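Okay, structure first, notes after.
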Amino acid sequence: MPRLLASALQLRRDPRMLKLPPYLSLLCILAGVAWLFLLPLDQYSRRTYISENALLPGQVHTYFGGSDQNVFRAYKHEANELVGKSNAEFNDKLEPIIKGIGLKTARQNFTYHAAGQTFSGENLYAILQAPRGDATEAIVLVAAWENVKGETNRNGIPLALTLLRYFKRWSLWSKDIILLITPDSIAGPQAWVDAYHDAHDPARVSSLPLKSGLLQGAIAIDYAQEGRFDSVHIVYDGVNGQLPNLDLINSIVNIAGGQMGIGVALQEMWHHDNGYPDRLRTMLRGMLKQGLGLASGPHSSFIPYHVDAVTLRPFGEGWQDEMALGRVVEGSFRSLNNLLEHLHQSFFFYLLMQRERFVSIGTYLPSAMAVAINFTIMAIALWVKSGQPAEVTTPKSKTETPAPATAERDLFLPLGVVTLIQSLAIIPLYLFNHVPESALTPLFLAFTLLNTLLPPTLAHLLATSNTTLQQYHLIQSFSLLLLGMFLSSLATLNFSLALITGLLAAPLSFVRPYRSTAAKVAVSVLLNAVSPTAVVLAAAAYWGTDVTTVLREAAVGWHVCGTYSPVVVYPRHAQ
Amino acid sequence: MDGAKVTPGRTAGLYAGAAVLRLAIFTLFPGIPDLLTGRVEISTPVTSFKRLQEGLFLYNHNVSPYDGGVYHQAPLFLPLFSLLPSSASLPIFTYLLYIAVDLLSASALWRIADSGESGSSALFTSPRREKRWSGFVIAALFLLNPFTVATCIGRSTSVFTTCAILHAVAKAVSGAPFGAMVALSFASYLSMYPLLLLPPLVLLCYDRQRSGRATKSMLQFAGTCTATVAGVLSVLFQLSYLLTGSWEFLPSTYGVQLTLSDLAPNVGLWWYFFIEMFDSFRSFFLAVFWLHLSSYVAGLTVRIRRQPLVVLTLLLGIFNIFKPYPSISDTSLFLALVPLYRHVFPLMRYTFVSAAVVLYASCLGPAFYYLWIYAGSGNANFFYAITLVWGLGLSLLVCDLMFAVLRDEWEVERPEMAGKEIRQI
């Protein structure tokens, strides 16, 4: 054993050890990506299962239907007349209808300002007090007048009203049921949930006059399609990549698929043959959505408050009618009604690849961590390299007198440069969040230009001010260290964003001070191609214009803060 | 940077810059002070500004401040803060007080650095002492350290302890034993644990006595010092008694630290351990933990007798890891003293590793706390794991510094071994 240790120590001194890190770091990146592509295989993913036994999904008879069909038609007739009318008008019309069912109602006004636009409206909500409960817990049924695509929720609103009227007749509820009708799918639910938890800004969002207990779950109905449907699409992405508890999704899949015989789709995969390509596609779409971290439906606002929520959106041509969707909601509410405590058993971090297949955090996290570790490896390697004396010493003399073999490092300039560059990121963060919408595009172009010009300028400045090779190494080392650190922290909060950023920033690990002009130009072009502005241009459809609520914007913005700046730092080394 | 000439202008510039930075954060981002005050990394049950407000409210309404079971800080804070205008209506005065305390700490640190005690004490002169940073650099490193700034903005009352400890050391190196003992008594009165610094501080005072009126006998000197501390402490206790009208403050302040009755999470290692503990073992492990913490004092004081300032630095580092309610304020105090040993930095072996570990921990800590408390998708183990990593990083730094100092001493004894690799047998 001592001999083994001694030889290991000898190996540490071997100059070949320093050649290794770039390959090791490349290996990390490749392994991270390869790992990701293994996940859809049967051996690496798992079948879903219900962890919380109290849910008992699909174990009850659902009775919604029959005469409720007539009620639904009546409500639909009323709702159709309101299409195109103002927010206040349809609330005025709906409030007496809900009061007629025998429920307490209340309204809430909200106004948000973001990107120079104003989002305002009035939420209407009603509380069905549980016959067997004590108003300490509640389940929410959400129906928005407009879905995220801007279509009118023609069938969803009447269906929600019919369901509420039907629920009122039952005596088995042990949790209050709240019906929430919002004018839009993002700002309205956000305002309501904020106010429900007293986390709102009273100047912009009014407080709720009527409240119930702790929210245990929420289901949103987004049924804009006319006529019968074939399958249900479950939308589950929350703000900032947070997800609802997997048990909720499993229960609905179980009720819709198992009990009612309705197909279930995820991540806009309308046809899924459960083969490898479809699984992979579903997973990648889920990751992209998670990485963007935007709200994807009325349910998204609930998830940050630890209220598990999903949106149900019927699609396709089939023979299922509105009553079938109603029964799915009824079954899910009966399951949620059974809960003795908040959903906590199952996973909060997962990637779904088919309605009955998922990978949990323990399985997928290594890929993001491998990508993050590559930066740390390079940072350590560069640190060691920077500590080596400038003159070449023979390996033999090194083993004998290793202590003075470490050169003194001048830390102040590298630390200063890295801190400065990192803090520069606050400027775009602030500007993009505060300028009006019309100025966003010019501002963006200006930043693209600046982003392209800044690194060469900085590099030129450094080159003219006698920066030593050691200092270059140290600057790169610190930047990579910080990048690796931010990414591994981010991976615990939003895995997909960390992985995407990590992969985009991967070339930064391998940048060296180049001598030839051709290499310089090639590397600059490559780095600019993966720089945040270029990526945003490529994905312009997703980004930039749809900054809606200030809260979401800030949340997304803050994520950008951690990831934007390190990427800006790098191209400098191309010089 | 090393030999930069320090003019009065630069001194004023540094202090003004640090003050403006803090004032700018206070005034431009009014949400940040309250945000940081709520962070567990900054505010512990025994230093939190929020709890101070609670105690102050009770005190101003003629109720015993310890009645609510929330306030665990020294009674003398109450008249000090009730003299200031309320921090809710006119917060600027509170801000100015905290900024002034930070600047006072920095000036004490400056004096310690300029005394050169870290490089050449009465009994030992390091051959490497030429390579050192000026007081300006060391004060700047303290004032601009993000941990120090965050503590100041979070208005944790541990800044007063930090200031008292630094002044005690500064008085000691400038040959004023009485002043040092008074400052140490204040520090102990505020936070209790600085009392453990008494032995090395007495040695430091003894070594640095002014030649004119030096006391020859070590025992006599130590006796006088201890008596001074005891005297000042009893005066402070008496004052506290007069202020609050009962001795209730003793169990509520020092008792809480001794028995860890408030188990709010913090960056230390105690809270989780005592949450998990069965009640029957509690008193035993409390004794073990305290014994462990105080056992370092005797050992280090004897082993590094020739450099008492090193003992003080290492002890502050160890307390910062192992004391019952540590916060990043204690880290900032330890990190303030580390740059005094610039001359042994080349002997340290794990600077990069420990710096990276501490950085990682300070980045992952808030993330895991968020996962546990807000997102609800993590649990207490997440945060505890990261506090373990934090403790690991800091203990690496403490060990490394200790190694470097001992090696420096050893190379004086064995000049032929200078520069050779040592191997553990």
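When the residues of segment B:109-127 are narrowed to those that are part of a loop (DSSP other than H, G, I, E, B) and among the hydroxyl-bearing types (Ser, Thr, Tyr), which ends up nearest to residue B:205 (Cα to Cα)?
My answer is B:121.
Filtering segment B:343-354 down to residues that are over 20 Å from residue B:113 (Cβ atoms) and more than 9 Å from every other protein chain (Cβ to nearest Cβ), which residue is farthest from the chain's Cα centre (by Cα)?
Of everything passing the filter in segment B:343-354, B:349 is farthest from the chain's Cα centre (by Cα).
Among the strands (runs of 3 or more DSSP E) confined wholly to segment A:204-301, which include 2 or more residues that are modelled with pLDDT under 90 and surrounded by 18 or more Cβ atoms within 10 Å (Cβ to Cβ)?
Result: A:263-266.
Condition first: buried (at least 18 other Cβ atoms within 10 Å of the Cβ) and not in a strand (DSSP E or B). Now tell me which residues in segment A:109-141 satisfy that.
Residues satisfying the conditions are A:115, A:130.
Can you give me the number of residues within segment B:366-379 that are within 9 Å of chain A (Cβ to nearest Cβ) and either touching a residue at least 40 places away in the same chain (Cβ under 8 Å) or β-branched (Val, Ile, Thr) (or both)?
Looking only at that region, the number is 1.
Yes/no per residue for (1) part of a helix (DSSP H, G or I); (2) in contact with a strand residue (DSSP E or B) (Cβ under 9 Å, 6 or more places away or on another chain); (3) not aromatic (Phe, Trp, Tyr):
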residue: B:129; (1), (2), (3): no, yes, yes
residue: B:132; (1), (2), (3): no, no, yes
residue: B:147; (1), (2), (3): yes, no, no
residue: B:162; (1), (2), (3): yes, no, yes
residue: B:169; (1), (2), (3): yes, no, yes
residue: B:178; (1), (2), (3): yes, no, no
residue: B:184; (1), (2), (3): yes, no, yes
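Going by the conditions given, is residue B:206 surrounded by 17 or more Cβ atoms within 10 Å (Cβ to Cβ), among the aromatic types (Phe, Trp, Tyr), in contact with a Ser or Thr (Cβ under 9 Å, 6 or more places away or on another chain) and within 22 Å of residue B:181 (Cα to Cα)?
Yes: the conditions hold for residue B:206.
So in segment B:303-330, with the set limited to residues that are of a type in the set (Ser, Thr, Tyr) and part of a loop (DSSP other than H, G, I, E, B), which one is nearest to residue B:397 (Cα to Cα)?
Applying the filter and picking the extreme gives B:327.
Give the residues of segment A:133-154 that are at pLDDT below 85 and among the basic types (Lys, Arg), sorted by residue number.
Matches in segment A:133-154: A:149 only.
Assess whether residue B:212 counts as being part of a loop (DSSP other than H, G, I, E, B), out of contact with any Ser or Thr (no Cβ under 8 Å at 6 or more places or on another chain) and free of Cβ contacts under 8 Å to residues at least 12 places away in the same chain.
Yes.
Take residue B:332 and tell me if it is of a type in the set (Ser, Thr, Tyr), under 21 Å from the mean Cα position of the chain (by Cα), under 17 Å from residue B:266 (Cβ atoms) and away from chain A (no Cβ under 14 Å).
Taking the combined requirement at face value, the residue satisfies it.
Taking residue A:106 as meeting all but one of (1) closer than 20 Å to residue A:187 by Cα; (2) in a loop (DSSP other than H, G, I, E, B); (3) of a type outside the set (Phe, Trp, Tyr), write down the number of the exception.
(2)
Give, as residue ranges, the helices (runs of 4 or more DSSP H) completely inside segment B:3-61 that count at least 3 residues that are surrounded by fewer than 14 Cβ atoms within 10 Å (Cβ to Cβ) and among the acidic types (Asp, Glu).
Per the criteria, no element qualifies.
Each row is one residue, and each column tells you yes or no for (1) more than 22 Å from residue B:339 (Cβ to Cβ); (2) more than 10 Å from chain A (Cβ to nearest Cβ); (3) under 24 Å from the mean Cα position of the chain (by Cα); (4) in contact (Cβ under 8 Å) with a residue 12 or more places away in the chain.
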site: B:363; (1), (2), (3), (4): yes, no, yes, no
site: B:381; (1), (2), (3), (4): yes, yes, no, no
site: B:388; (1), (2), (3), (4): yes, yes, yes, yes
site: B:404; (1), (2), (3), (4): no, yes, yes, yes
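Considering segment B:51-66 alone, what residues qualify as being under 28 Å from the mean Cα position of the chain (by Cα) and of a type outside the set (Gly, Ala, Ser)?
Listed by number, the residues that qualify are B:51, B:52, B:53, B:54, B:56, B:57, B:59, B:65, B:66.
Return the residues of segment A:224-261 that are closer than 25 Å to residue A:54 by Cα and among the charged types (D, E, K, R); say none if nothing qualifies.
A:237, A:247 - these are the residues of segment A:224-261 that are closer than 25 Å to residue A:54 by Cα and among the charged types (D, E, K, R).
Would you check which residues across segment A:229-238 are hydrophobic (A, V, I, L, M, F, W, C) and either within 13 Å of residue A:352 (Cβ to Cβ) or within 11 Å of chain B (Cβ to nearest Cβ) (or both) and list them?
A:234, A:235, listed by residue number.
Considering segment B:406-425 alone, what residues qualify as being within 14 Å of chain A (Cβ to nearest Cβ) and among the aliphatic types (A, V, I, L, M)?
B:417, B:418, B:422, B:425
The values are calculated or read from the model by the stated rules, or taken from the named source; none is laboratory data. What you see is a predicted model; the values in this text were computed from it and never measured. Counting neighbours? That spans all protein chains shown, and the Cβs are built from the backbone with ideal geometry, glycine included.
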